[in-house]
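Student: Here's a structure for you.
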Amino acid sequence: MARPKIALIGAGQIGGTLAHLAAMKELGDVVLFDIAEGTPEGKALDIAESGPAEGFDAHLKGTSDYADIAGADVCIVTAGVPRKPGMSRDDLLGINLKVMKAVGEGIAANAPNAFVICITNPLDAMVWALREFSGLPHEKVCGMAGVLDSARFRHFLSLEFGVSMKDVSAFVLGGHGDTMVPLTRYSTVAGIPLPDLIDMGWTTKDKIDAIVQRTRDGGAEIVGLLKTGSAFYAPATSAIEMAEAYLKDQKRVLPCAAWCDGVLGLKGLYVGVPTVIGAGGIERIVDIKMTKDEQSMFNSSVDAVRGLVDACKGIDDSLA
Ligand code: APR
């Protein structure tokens with residue numbers, strides 16, 4: 001059987017890391033696409049040359065021609081510009097919206113059956129625009145944010161408790177980053193919810209609140225340190241986890257920006273929710289009941305996403 005084909009639209013920091021991870025995990029053959037002349041070809045060749053030592057079997061190709069993504073099973077989109085210090089994700093809206101138009105049309109014409117994972121920021125609005133421009137089914141287009149936000153949360157919690165990250169699970173909802181809604185009562189260490197761990201004296205509410213804030217600011221913390229770009233290792237790893245769930249029909253329960261229509265009280269909006277990812281794409285959205293406080297945080301997050309979607313409609317008439 002032929003290997004799956006993974007198209008990476010954008011061969012920058014995240015795109016290159018995605019290609020390296022996809023090859024090392026032998027998820028399939030990789031096509032790196034970018035408009036920057038020579039970049040996708042150079043990265044594809046460099047990664048291919050790591051194959052003999054690493055021992056993977058995967059073909060890598062760099063290109064600036066959309067025809068080369070033909071028939072891709074998965075497309076992961078990072079095309080666009082990342083944040084610079086002092087910029088919010090929302091500052092990227094106008095530039096990256098134009099990029100989503102080109103990418104959406106390229107995917108629709110060449111890989112209409114792909115499972116599409118958008119990473120480009122501002123994530124929740126860009127994944128909506130990408131779906132609109134591509135016209136693909138909603139369940140085949142999603143955004144990577146929740147896996148990363150929950151990974152950051154899990155990492156910080158594991159440091160606080162001095163336990164393995166493997167034994168910490170976290171549950172997040174809502175938009176990416178600043179408006180992320182952590183559900184502490186569903187976040188656990190070996191099944192013990194955070195509020196119980198506070199009662200047990202393992203930590204304090206203040207410490208958990210500080211960790212939640214650090215998680216929300218997780219992207220900005222890295223932008224501030226790097227100064228010339230934004231995070232790329234953890235974002236790439238998170239998207240690969242989603243791609244693998246689709247390609248291997250794993251039915252993983254992963255939080256991601258998914259189309260919510262008739263769930264969580266929403267009528268047609270991309271926002272971060274727990275989902276089941278398998279061969280059908282986003283196969284199910286876990287429609288949980290929120291407490292009053294959680295619902296109010298979620299509503300603010302939803303309002304922020306709606307504001308960005310409206311801003312997109314204001315910029316590009318074809319979306320209105
Ligand atoms: N088509 C294809 N590629 C494009 C296009 C386009 N229209 N416009 C820009 N690109 C490419 C750039 O040439 C660059 O190589 O997208 C790549 C983006 O890579 P980086 O600048 O290194 O950004 P990266 O760190 O990978 O982040 C990409 O993901 O997390 C988000 O906020 C981040 O929106 C940003 C995106």
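Student: THR204 is checked against (1) β-branched (Val, Ile, Thr); (2) farther than 23 Å from ASN121 by Cβ; (3) within 16 Å of the ligand (Cβ to nearest atom) and fails just one. What number does that condition carry?
Tutor: Only one criterion in (1) β-branched (Val, Ile, Thr); (2) farther than 23 Å from ASN121 by Cβ; (3) within 16 Å of the ligand (Cβ to nearest atom) is unmet by THR204, namely (3).
Student: Follow-up question, since we're still on this one. In the stretch 89-162, which helices (runs of 4 or more DSSP H) lie fully inside it and hold 3 or more residues that are farther than 26 Å from GLU283 by Cβ and within 13 Å of the ligand (Cβ to nearest atom)?
Tutor: Fully inside the stretch 89-162 and qualifying: 93-110.
Student: Here is a further query. Among the residues of the stretch 83-114, count how many are over 17 Å from LEU8 (Cβ atoms), in contact with a Phe, Trp or Tyr (Cβ under 7 Å, 6 or more places away or on another chain) and surrounded by 15 or more Cβ atoms within 10 Å (Cβ to Cβ).
Tutor: The qualifying residues number 1.
Student: From the list ASN96, ASN113, which one is polar (S, T, N, Q), in contact (Cβ under 8 Å) with a residue 12 or more places away in the chain and closer than 12 Å to SER134 by Cα?
Tutor: Result: ASN113 is the single residue among ASN96, ASN113 that is polar (S, T, N, Q), in contact (Cβ under 8 Å) with a residue 12 or more places away in the chain and closer than 12 Å to SER134 by Cα.
Student: Oh, and also: In the stretch 208-239, what count of residues is obtained for those that are in contact with a helix residue (DSSP H, G or I) (Cβ under 7 Å, 6 or more places away or on another chain), more than 14 Å from the ligand (Cβ to nearest atom) and either of a type in the set (A, V, I, L, M) or not in a helix (DSSP H, G or I) (or both)?
Tutor: Summing the residues that are in contact with a helix residue (DSSP H, G or I) (Cβ under 7 Å, 6 or more places away or on another chain), more than 14 Å from the ligand (Cβ to nearest atom) and either of a type in the set (A, V, I, L, M) or not in a helix (DSSP H, G or I) (or both) in the stretch 208-239 gives 2.
Student: Picking from ALA67, ALA58, ALA72, ALA48, which residue would you name as being more than 23 Å from the chain's Cα centre (by Cα), within 29 Å of LEU319 (Cα to Cα) and away from the ligand (no atom under 12 Å from the Cβ)?
Tutor: Exactly one of ALA67, ALA58, ALA72, ALA48 is more than 23 Å from the chain's Cα centre (by Cα), within 29 Å of LEU319 (Cα to Cα) and away from the ligand (no atom under 12 Å from the Cβ), namely ALA67.
Student: Does at least one position in the stretch 49-59 carry a residue that is in contact (Cβ under 8 Å) with a residue 24 or more places away in the chain, of a type outside the set (S, T, N, Q), buried (at least 23 other Cβ atoms within 10 Å of the Cβ) and in the same structural domain as ASN113 (by the TED database)?
Tutor: no
Student: Which residue, of ALA190, ALA258, is buried (at least 21 other Cβ atoms within 10 Å of the Cβ) and either under 21 Å from ALA129 (Cα atoms) or more than 16 Å from the ligand (Cβ to nearest atom) (or both)?
Tutor: Matching residue, one of ALA190, ALA258: ALA258.
Student: Within the stretch 1-43, how many residues turn out to be small (Gly, Ala, Ser), within 16 Å of the ligand (Cβ to nearest atom) and surrounded by fewer than 24 Cβ atoms within 10 Å (Cβ to Cβ)?
Tutor: 4
Student: Still on this model: Scan the stretch 2-38 residue by residue and report those that are farther than 12 Å from ALA79 by Cβ, at pLDDT 95 or above and part of a loop (DSSP other than H, G, I, E, B).
Tutor: ARG3, PRO4, LYS25, GLU26, LEU27, GLY28, GLU37, GLY38
The values are calculated or read from the model by the stated rules, or taken from the named source; none is laboratory data. Owing to the predicted nature of the structure, the values given are computational and were not obtained by experimental measurement. Counting neighbours? That spans all protein chains shown, and the Cβs are built from the backbone with ideal geometry, glycine included.
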